[in-house]
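The values are calculated or read from the model by the stated rules, or taken from the named source; none is laboratory data. This one's a predicted model, so the numbers in the text were calculated from it and none came from an experiment. Note that we place each Cβ from the backbone using ideal geometry, even for glycine, and neighbour counts take in every protein chain shown.
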């Protein structure tokens with residue numbers, strides 16, 4: 001069984017300094033300190049949620065085998081050399097990975113953020129060079145830099161082996177002046193991605209694509225006075241886990257996918273249970289208004305649900321109730337991700353976890369969800385992946 005993780009990560013702040021022009025080194029050091037400070041606060045606020053698997057399941061995350069790891073900030077900041085990474089994923093039975101860059105150095109300096117993105121492309125190509133056929137991933141598109149810069153970032157990412165860009169679910173985390181994703185303002189970006197068969201992905205959490213998102217109470221949604229207001233923990237969690245879901249409404253309502261049939265949209269580590277209700281709701285309004293003849297701005301022929309099935313995918317490390325969603329969301333629209341190397345993921349028991357969950361599922365569907373869908377989406381070479389130590393591990397019975 002060829003298993004591909006469509007949700008893996010670098011460390012908290014990728015070691016980009018060697019790949020950045022020297023003039024940006026001081027700003028990178030300062031941004032790294034900020035990122036680690038804010039993330040330490042996240043761990044402090046949400047450690048009980050993260051480490052208790054039952055809590056995770058209650059709020060829509062997957063219950064997976066306990067890895068036994070109980071790390072703090074160091075668990076997320078520790079560099080993972082490629083030799084060590086390959087040994088770990090091989091032992092876990094994972095033949096290939098789609099890597100999403102994590103937070104990175106914090107800054108609201110647009111040019112610095114652009115330089116970090118370009119440096120990440122060079123870093124990624126160097127990092128995966130021992131086995132490039134086993135890795136691809138996403139870059140960070142900096143909407144704050146303007147569309148021309150974003151188009152350069154997309155082209156450069158593609159040339160360095162990356163096959164997706166990460167976007168914020170709420171564009172207000174980038175700038176209050178940006179339109180939502182149904183706007184034709186983004187058409188050049190969608191066209192550039194579609195031309196290269198690249199995906200736009202949305203991953204919950206705090207990342208470089210969200211430069212206005214901060215934890216010091218100085219930037220929305222916390223406080224105008226510089227103080228953290230009562231209930232900030234709950235409100236922030238809502239914004240990250242629920243508030244960001246608005247992108248799916250905007251993309252489907254704007255018929256973005258119908259206008260760009262080669263574009264792919266991916267939802268990573270943001271849960272799966274919320275998607276079907278969103279699809280049903282927007283599809284209901286689409287059909288009602290289409291019947292009434294009141295859809296003056298929407299000339300598309302595909303319903304929102306049809307757009308979803310043709311061009312969208314969701315990645316999860318799966319719980320029992322998520323397995324059944326394949327009948328609604330579509331077998332070919334679901335992919336698996338280990339969240340490696342994070343402690344809340346399925347490493348080091350990924351194959352055992354998947355074999356148990358999918359025991360009653362037809363094998364061809366299992367193969368699609370745990371590997372073949374990802375291989376087709378990201379153009380992995382299955383013949384090469386079949387020769388990896390990971391692929392040779394027997395599927396647990």
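A few notes on this one:
- Taking the criterion of being in contact (Cβ under 8 Å) with a residue 40 or more places away in the chain, under 23 Å from residue 382 (Cα atoms) and crowded, with 19+ Cβ neighbours inside 10 Å, the residues of the range 131-156 that qualify are 134, 136, 137, 138.
- The set of residues from the range 23-47 being under 18 Å from residue 126 (Cβ atoms) and surrounded by fewer than 20 Cβ atoms within 10 Å (Cβ to Cβ) comprises just one member, 25.
- Identification of helices (runs of 4 or more DSSP H) wholly contained in the range 246-296 with 2 or more residues that are over 14 Å from residue 307 (Cα atoms) and either in contact with a strand residue (DSSP E or B) (Cβ under 8 Å, 6 or more places away or on another chain) or without any contact (Cβ under 8 Å) to a residue 60 or more places away in the chain (or both) yields 275-292.
- Of the residues making up the range 327-381, those that are touching a residue at least 24 places away in the same chain (Cβ under 8 Å) and under 23 Å from residue 265 (Cα atoms) number 29.
- Any hit, the range 87-100, residues being crowded, with 22+ Cβ neighbours inside 10 Å, assigned to a helix (DSSP H, G or I) and touching a strand residue (DSSP E or B) at 6+ places or on another chain (Cβ under 9 Å): yes
- Checking residue 331 against (1) crowded, with 19+ Cβ neighbours inside 10 Å; (2) in contact with a helix residue (DSSP H, G or I) (Cβ under 7 Å, 6 or more places away or on another chain), the condition it does not meet: (1)
- Residues located in the range 15-25, provided they are in a loop (DSSP other than H, G, I, E, B) and touching a helix residue (DSSP H, G or I) at 6+ places or on another chain (Cβ under 6 Å): 16, 20
- Residue within the range 208-217 that is surrounded by 14 or more Cβ atoms within 10 Å (Cβ to Cβ), touching a strand residue (DSSP E or B) at 6+ places or on another chain (Cβ under 6 Å) and at pLDDT below 95 present: yes
- Checking residue 173 against (1) crowded, with 23+ Cβ neighbours inside 10 Å; (2) within 16 Å of residue 99 (Cβ to Cβ), the condition it does not meet: (2)
- Within the range 297-319, the residues that satisfy the criterion of being in contact (Cβ under 8 Å) with a residue 60 or more places away in the chain and either in a helix (DSSP H, G or I) or over 19 Å from residue 261 (Cβ atoms) (or both) are 315, 316, 317, 318, 319.
- Single match in 374, 368 (criterion: touching a helix residue (DSSP H, G or I) at 6+ places or on another chain (Cβ under 7 Å), at pLDDT 95 or above and either over 16 Å from residue 4 (Cβ atoms) or assigned to a helix (DSSP H, G or I) (or both)): 368
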